[in-house]
1. Taking residue 31 as the residue in question, decide whether it is open to solvent by 40 Å² or more (accessible area, probe 1.4 Å), at pLDDT below 90 and charged (D, E, K, R).
2. Within the stretch 4-12, does at least one residue satisfy the condition of being in contact with an Asp or Glu (Cβ under 9 Å, 6 or more places away or on another chain), more than 24 Å from residue 91 (Cα to Cα) and open to solvent by less than 30 Å² (accessible area, probe 1.4 Å)?
3. Name the residue, out of 47, 78, that is open to solvent by less than 40 Å² (accessible area, probe 1.4 Å), in contact (Cβ under 8 Å) with a residue 12 or more places away in the chain, out of contact with any His (no Cβ under 8 Å at 6 or more places or on another chain) and not aromatic (Phe, Trp, Tyr).
Amino acid sequence: ASVCKFLVPSGYPESPLDPFAMEVEEAALADGGIRVDYSCTLAGEGLYHPGPRGVALTAAGEDIPSAAVRIEEVIGVLVRSDCLYHRKDIGSARSLVLKTNNAVTFLSRARGE
């Protein structure tokens, strides 16, 4: 299973901070099996222009919650920025239960149950 979490600059999506400062420990993330993808462009030393989002971190695990935990453990340690934020609920066991319940409710209503 895998989870991808996006770190986005303050003000996203309406008016993201531009440029924003960020430092990413790419080698340490790669050593931990976490993939880093950028949707922002370099504006200068440690400064970036936002793209559709800021940075995507992707990790694999035995299941979705364990992959999400791997990312949560490194955010803030290996990705440093005072202006990036992310949703902590993505990939959590609670969010998966809610998503499943919503899907069952939708399908039940669609069948007229």
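The values are calculated or read from the model by the stated rules, or taken from the named source; none is laboratory data. Predicted model, so just to flag it, every value in this text is computed and none were measured. Every residue, glycine as well, gets a Cβ built from its backbone with ideal geometry; the counts of neighbours run over all protein chains shown. SASA here: full protein model, heavy atoms, side chains in, ligands and nucleic acids out. Shrake-Rupley method; radii C 1.70, N 1.55, O 1.52, S 1.80 Å.
1. Against the criterion (open to solvent by 40 Å² or more (accessible area, probe 1.4 Å), at pLDDT below 90 and charged (D, E, K, R)), residue 31 does not qualify.
2. no
3. 78
Residues checked against (1) within 30 Å of residue 15 (Cβ to Cβ); (2) in contact with a helix residue (DSSP H, G or I) (Cβ under 9 Å, 6 or more places away or on another chain):
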site	(1), (2)
30	no, no
35	yes, yes
42	yes, no
77	yes, yes
85	yes, no
92	yes, yes
